[in-house]
Amino acid sequence: MRILRFAFDMIAMQFKKFLLTVVLMVISLLLIMFSVMIYKGKQYSYISCDDILSKGIEGTAILRLDEDSFLNVKGVKAFFKEAYERKEIYSVGNMVEYGCYYESLEELYEIQKGHTQDYELALQGGLLEINCMNLGAAFLCDLKLEEGISPKKLEFDESEKMFYLYIGAAYDSVEVGSEFIEKNGTKFIVAGRMEEQQRWVDSNVENGYNSERLDCSVDCSYGIFMVGNYDVYSGGLWISAEDGYTIEQAIDAAKEVGDKYDISFSYETLANMYEQDEEDVDLLLSYLAKLLGIVIAASLLMIITTQIVTMLENAKAYGVMYVVGFSPKEVNKMLLWKHIITAVSSLVLTAPLCVLVAKYRFSTDDMSYMIKTLLIHYVFPIAITVEIVIVVIMQMITVTVLRRFTPVKLIQNKVV
Amino acid sequence: MIILKDITKDYTNKEQVTHALRGINVTIQDGEFVAIVGTSGSGKSTLLNIIGAMDYATSGKYMFHDREITACDLKELHEFRKENISFVFQNFALMDKYTVYENVEMPLIARHIKHRKSIVMDYLEKMGIADLKNKIPSHLSGGQQQRCAIARALAADTPVLLADEPTGALDQNTGNEIMKCFEEINKNGKTVILITHDINIANRCKRVIHIEDGKIID
Ligand SMILES: Nc1ncnc2c1ncn2[C@@H]1O[C@H](COP(=O)(O)OP(=O)(O)OP(=O)(O)O)[C@@H](O)[C@H]1O
Ligand SMILES: [Mg+2]
C-alpha cells in the first residue's frame, strides 16, 4: 500500500508530464480503437445482414420501380403475384414499416406501446407500428413460428380487405386465430406467433447497405407483420434468388414478368452495395492505418522520452529510496504502479470517448448491443492489450535506465 | 568487521580520470568509533560511499564479515545496505516532497516496521526537531536538515552508521549534542564511522583515520 502511495506521490510531483503521457496515450488509443471499430464493425454488419436474409447478401437484391410503374397499381400487383411464382425467384415483395391506427387492434397497441423499434413513430403516439408486406416479402428472412400457419399456406381473396398478422412473442395474450374486424369491414386474422428469437432485416437496408449500420437485423418480439395483397408503398422491392439460381437470373426473370405488365425498374444487388461500401471503408482504413503509424510512432517516442526525463528528474528520490532501505524490487514495483496508474487513467478517459465515437459512427438503435459485441469483444480487449504493451515498454525502459546508476549517482543527480 | 584491501576508485569524466582512492587498506572492527579526516578532495566521501555500498570500487576487495561486498550484484548490495548500513549524506539527501516526519519514517517503512510513530518521534526529539515534523526539508535551515538526515539514519537502527560531516552545518552546541547521541549508540555496540573537518569532533572518536590524496597516512 505504501508503495502505491509513493507511486501516486511520484505522479503528483510531475503532474504535467503525467498528463502529457496520458493525453498521448488517449490519442493513440482512440485511433486504435476507432480503426478496430471500423474494421470489426464492417464484419459485424456484413454478418448480421448475411445471416438474417434467407438467401444471404449474395442472393438478395433491391429493385427500384420507375415512377410510372410505381403508380401502375394493378400492374404491380399482378407483377408481384406472377414473379413470386417464377422458379428463379425465392421471394419478391415490398415491405414497409408503418404507423397506423386501427380501432380493433387496440389490444395489440396496448402491448406494443413504448416498445416500437421506430423512435419517431413511437413519439407520434397512438399509432401501432406494423411491418406491412406482400406475401412474397414474408420469405425474405426466415419466419419461425411458435404456433400458427406458414405464410405459404395463406389464402387471399380479391377483396383487399383481409390481412394476416404475424405477431411477436410479446403478444402471448393474443391467441393465434383471433380475428379483429374494423367497422368498415377490414378483417385481420392472427395467422401466427413468431418465436421469441425472431429477428428481421432492418427495412432501412433497402436504401443502401452501409456498414455504419452495425446490426442489420431488428428484434421482432414486439413486431407485427401484416401480410396482405398490397400494392407498393415505396419504390424499393426486395428480391431473392431461389437455390440454384443466381440473383442476376432472378432479376432477369423479374424483368421478363415486368415487361409483361409494363413494370420497369432499376436494380442493385446487395453484394454490389456491400462492395461499394467496402471500398469506402477500406479507403478510410488505409488512411487510418497511415495516420496510426505516424501517431503511434510519435507518441511512443514521446512517451518513452517523457518517462526517461521524468525518471532522471526524480533520480534523487529513487536514490533516497534505495538508501533508506527499499529494495530494487520495491522501487520497480512502485514504477510499475506508476505506469499502471497512467495506463488505467488513459483507458478510463478513452473508454467513454470511444463509446461516443462509436455512437457517432454507427447508427444503431441498441447501444448496449454495440457495447456488448463490438466494444467489449474486440475494441476494449485490443485497447487493453496495447496498454499492457505500453506499460511493459515503459517499465522495461525505466528499470534498465535506473539500474545503470548507483545510489550515490542518483542522489547527487549525476545521471545526466 | 570491515576489511578493505587495496581499494581504488577512479572517476572518469570525459577522458579525464580522477584517482580518488589509490589503494586503501584498513580494518575496522565491530563497535568501533572512527573518524575519517583529511583535506577537501582527499577522498573521504568516496571512501565512505564504498564502505556503505553506495558506490562501486574500481578495484580491490571489500569484506564485511564473511561477505565479499565487491563481488555482490546489485540486488545483494541493496540487501546488504538494508540490513547493515545507515548513511548521513554530506548533502543530506532528504526527500523534498515529504515532511520531516515522513522522511524519518521512510527507513521504518522500508523495513516493514509497525507502530512507527513513537520511534520516529523519539529520534526527532533526540535531534531537537520534533516541532518541525510537519515541515518540508526545503523550508528548514541547513542545520535542521542535517539533524533530520541524522534522525533518519538513526531510525534505520542498523549495525553500522556512516555519517559524512554530520556536524558540518551545526553550531558547536548542537554538534556536541549530536556527538553525544553518536557516542550513545556506539556504546550500544554499533559501529560509527564519520567524516569530519573538526579536530574536536575527531578527538572524541576512539580512532582517527587520516586520508591524503586517496591514501591512508599514519
Ligand atoms: N562523481 C565524481 N566524478 C568525478 N570526480 C569526482 C566525483 N566525486 C568526487 N570526485 C573527485 O574525487 C576526489 C575525492 O572526492 P571526495 O568527494 O571523496 O572528497 P572529500 O574528501 O569528501 O572532500 P570534501 O571534504 O570536500 O567533501 C575529488 O578530487 C573529487 O573532485
Ligand atoms: Mg566529502
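The values are calculated or read from the model by the stated rules, or taken from the named source; none is laboratory data. It should be emphasised that the depicted structure is a prediction, and the values quoted were computed from it without experimental measurement. In this analysis, Cβ positions are derived from the backbone assuming ideal geometry, glycine residues included, and neighbour counts consider all displayed protein chains.
Restricting attention to region A:140-176, and to residues there that are without any contact (Cβ under 8 Å) to a residue 40 or more places away in the chain and under 15 Å from residue A:104 (Cα atoms), which single residue is surrounded by the fewest Cβ atoms within 10 Å (Cβ to Cβ)? Filtering region A:140-176 for residues that are without any contact (Cβ under 8 Å) to a residue 40 or more places away in the chain and under 15 Å from residue A:104 (Cα atoms), the one surrounded by the fewest Cβ atoms within 10 Å (Cβ to Cβ) comes out as A:175. Hey, any hits in region A:390-410 for a residue that's more than 14 Å from chain B (Cβ to nearest Cβ) and either outside any helix (DSSP H, G or I) or within 16 Å of ligand 2 (Cβ to nearest atom) (or both)? No, every residue in region A:390-410 fails to be more than 14 Å from chain B (Cβ to nearest Cβ) and either outside any helix (DSSP H, G or I) or within 16 Å of ligand 2 (Cβ to nearest atom) (or both). Please work out which residue is nearest to ligand 2 (Cβ to nearest atom), limiting yourself to region B:71-92 and to residues that are touching a residue at least 60 places away in the same chain (Cβ under 8 Å) and in contact with a strand residue (DSSP E or B) (Cβ under 8 Å, 6 or more places away or on another chain). Applying the filter and picking the extreme gives B:90. Restricting to region B:36-67, name every residue that is assigned to a helix (DSSP H, G or I) and under 15 Å from residue B:2 (Cβ atoms). Across region B:36-67, the qualifying residues are B:47, B:48, B:49, B:50, B:51. Where helices (runs of 4 or more DSSP H) fall entirely within region A:1-106, those with at least 3 residues that are within 14 Å of chain B (Cβ to nearest Cβ) are at A:2-13. Of B:58, B:27, B:18, B:12, all but one fail to be within 16 Å of ligand 1 (Cβ to nearest atom), farther than 29 Å from residue B:137 by Cβ, in contact (Cβ under 8 Å) with a residue 12 or more places away in the chain and surrounded by fewer than 20 Cβ atoms within 10 Å (Cβ to Cβ); the exception is B:58. No other residue among B:186, B:134 is surrounded by fewer than 21 Cβ atoms within 10 Å (Cβ to Cβ), of a type outside the set (Val, Ile, Thr) and under 20 Å from residue B:51 (Cα atoms) apart from B:186.
In the condition set (1) among the small types (Gly, Ala, Ser); (2) out of contact with any helix residue (DSSP H, G or I) (no Cβ under 7 Å at 6 or more places or on another chain); (3) away from chain A (no Cβ under 13 Å); (4) near ligand 1 (Cβ under 8 Å from one of its atoms), residue B:38 is compliant with all but (2). Listed conditions (1) away from every other protein chain (no Cβ under 14 Å); (2) modelled with pLDDT of 90 or more; (3) out of contact with any Gly (no Cβ under 8 Å at 6 or more places or on another chain); (4) within 16 Å of ligand 1 (Cβ to nearest atom) are all met by residue B:168, apart from (2).
One line per residue, one yes/no per condition, for (1) within 16 Å of ligand 2 (Cβ to nearest atom); (2) within 14 Å of chain A (Cβ to nearest Cβ):
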position: B:20; (1), (2): yes, yes
position: B:29; (1), (2): no, no
position: B:49; (1), (2): yes, yes
position: B:52; (1), (2): yes, yes
position: B:65; (1), (2): no, no
position: B:94; (1), (2): no, yes
position: B:111; (1), (2): no, yes
